[in-house]
Amino acid sequence: MKCRICGQKAVIKLRQHNLALCEEHFDEFFLKRVKKAIKEYRLFGQSDKLLIAVSGGKDSLSLWDALVRLGYHVDGLHIDLGIGEYSIRSRKITEEFAMEHKFRLIIVEAEDFLEGYTVPKASQRLRRSPCSLCGLLKRYVMNRVGVEKGYDVLVTGHNLDDESATLLGNLLTWQEEYLRRQYPVLESTHENLLRKVKPLIYLTEREVAAYAVLRSIKYVEEECPLSRGATSLEYKSALNQLEVHHPGTKHRFLHTFLQRRPFGSAKSLQLLSCSECGYPTTSKVCSMCRTKVRLKESSHEIRTS
Ligand code: AMP
Ligand code: FES
Ligand code: ZN
Ligand code: ZN
């Protein structure tokens, strides 16, 4: 197998593009696909102060590496969720990556926002699914830390596989409001709300993994132990099965949707400021502050029973 551009030995075959590439030309391809997303959706400019949410997985670490190589000013934010060995490894790998590259990394611990509980402990206390609590915490912390520290844009590592699986899930359940909000850029609509962007929408999970390997980026390979059996993983696997016989399915599915936006764009909700913390909410008190109150009450019940 030879590189289509230079004829040297190819290291990867991209069936959906009918393309084989050598190491150097795959690297070029990868950076071009990141640039394409930034340009097409006007995600950010060279003077913006970017904060990337880094989990320790291949997507966010590779994207951090690529954005810095493209000349952007990007600092990292890692949230230590307290999910046993998985979180210990994720934090360590993220810290080592930042140290090695001399990138600035902010670390936040779940306990600081969950009345001293980790994600699994808080979810037990509240009898609430860990993934839903974890999602709420991540969204809140990413936004709040970014705003407090004066960043302009929050960057996440969602790739083509993540976004097409989310699209499939939202269509299967006709989540029209989520479908309107599914876009590579979400503008800020409140003084305490960061603009959010996803520059990896043109790259598949496999392409990102190849980039990480070629750039010698060490990353956590395992999935979160609490997300095992999650429906989103089934949607990914279903799309990958289609991709075997119909290369390019994921790309067409997601990008035609993004071009057409058949459900329209996100309604501009009238966001209020949470009476407790001041961050955006649609009710008087935000979900994070309400969760904190419930956690406090549950600790009190334990002490008094
Ligand atoms: P996931 O929801 O796990 O698929 O992650 C989607 C994106 O959210 C990742 O690419 C990261 O940008 C960000 N992210 C996930 N987990 C964390 C974490 N623990 N700390 C910081 N960012 C995270
Ligand atoms: Fe949030 Fe697993 S990463 S529950
Ligand atoms: Zn080549
Ligand atoms: Zn609040």
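Please tell me the relative contact order of the chain in percent, rounded to the nearest whole number, where contacts are Cα pairs under 8 Å and at least six residues apart.
Details: 454 pairs, mean separation 61.4, N = 305.
Relative contact order, the chain: 20 percent.
Angle between the Cα long axis of helix 84-101 and the longest principal axis of the chain, 0 to 90 degrees, nearest 10?
For 84-101 against the chain, the angle is about 60 degrees.
So, taking all protein chains as they sit and a 1.4 Å probe, how much accessible area belongs to Ile107, in Å² rounded to tens?
About 50 Å², rounded to the nearest 10.
Helix 231-245: angle to the longest alpha-carbon principal axis of the chain, degrees 0 to 90, nearest 10?
So the inclination is approximately 10 degrees.
Only bridges with both residues in the chain count here: give the DSSP antiparallel percent, nearest 5.
DSSP beta bridges in the chain are roughly 35 percent antiparallel.
Could you check the simple spin-label distance between Arg42 and Ser268, using points 7 Å along Cα→Cβ, in nm with one decimal?
1.4 nm
Could you sort Lys198, Lys35 by accessible area so the largest value comes first, with the probe set to 1.4 Å?
Descending accessible area places them as Lys35, Lys198.
Would you mind checking the pairs Lys36/Lys196; Lys32/Lys92; Lys58/Lys121; Lys121/Lys149; Lys32/Lys138 and listing those with alpha carbons more than 23 angstrom apart?
Pairs exceeding 23 Å: Lys32/Lys92; Lys58/Lys121; Lys121/Lys149; Lys32/Lys138.
With +1 assigned to the C-beta of every Lys and Arg and -1 to the C-beta of every Asp and Glu, and no other charges, what is the dipole magnitude of the range 1-87 about the Cα centre in debye, to the nearest 20? Provide the component values of the computation, followed by the final result.
Details: 14 positive and 11 negative charges, 138 e Å.
My answer is approximately 660 debye.
May I ask for the angle, rounded to the nearest 10°, between helix 287-304 and the longest principal axis of the chain, with both axes built from Cα atoms and the value confined to 0 to 90°?
50 degrees
Charges on Cβ only, +1 for Lys and Arg, -1 for Asp and Glu, centred on the Cα centroid of the range 4-159; of Ile5, Leu126, Met99, which one is farthest towards the dipole's positive end?
Toward the positive end, the furthest listed residue is Ile5.
With charges set only on the Cβ (+1 for Lys and Arg, -1 for Asp and Glu), what does the dipole of the chain come to about its Cα centre, in debye to the nearest 20? It would help to have the intermediate numbers written out before the result.
Working: 48 positive and 37 negative charges, 133 e Å.
Around 640 debye, computed over the chain.
Using a 1.4 angstrom probe on the protein heavy atoms only, could you order Ser164, Ser273 from most to least accessible area? Before the final figure, lay out each step's value.
Numbers: Ser164 0, Ser273 60 Å².
Result, largest first: Ser273, Ser164.
Report the GluC sites (Glu not before Pro) located in the range 21-110 that are in a DSSP loop and have at most 10 other Cβ atoms inside 10 Å of their Cβ, or state none.
none
How much length would be gained if the chain were fully extended between Val285 and Arg261, taking 0.36 nm per residue of separation minus their Cα-Cα distance, in nm to one decimal?
5.5 nm
Mind checking the dipole of the range 169-305: about its Cα centre, +1 per Lys or Arg Cβ, -1 per Asp or Glu Cβ, Debye to the nearest 20?
280 debye
Please report the net charge: other residues with Cβ closer than 11 Å to the Cβ of Leu21, K and R +1, D and E -1.
With Lys, Arg at +1 and Asp, Glu at -1, the neighbours total -1.
Could you state how much accessible area Asp65 has, in square angstrom rounded to the nearest 10, with a 1.4 Å probe and all protein chains kept in place?
In the full protein context, Asp65 sits at about 10 Å².
Specify which residue in the list Ile88, Asn170, Cys22 is farthest towards the positive end of the charge dipole of the chain, using unit charges on the beta carbon of Lys, Arg (+1) and Asp, Glu (-1), about the Cα centre.
It is Asn170, whose Cα lies furthest towards the positive end.
Which shape class, rounded, prolate or oblate, goes with the range 7-137 when its Cα gyration tensor gives a ≥ b ≥ c as root eigenvalues, a/c under 1.5 marks rounded, and past that a/b bigger than b/c marks prolate?
Because a/c hits 1.5 or more and a/b exceeds b/c, the range 7-137 counts as prolate.
Using Cα positions and a limit of under 18 Å, work out the aspartates and glutamates in reach of Lys292, with same-chain residues fewer than 8 apart set aside.
Hits, sequence-local ones excluded: Asp80, Glu109, Glu111, Asp112, Glu115, Glu276, Glu301.
The values are calculated or read from the model by the stated rules, or taken from the named source; none is laboratory data. This is a predicted model, so every value here is computed, not measured. A quick note on method: Cβ atoms are made from the backbone with ideal geometry, for glycine too, and the neighbour counts reach across all protein chains shown. Surface areas here come from the heavy atoms of the whole protein model, side chains and all, with no ligands, DNA or RNA. Shrake-Rupley method; radii C 1.70, N 1.55, O 1.52, S 1.80 Å.
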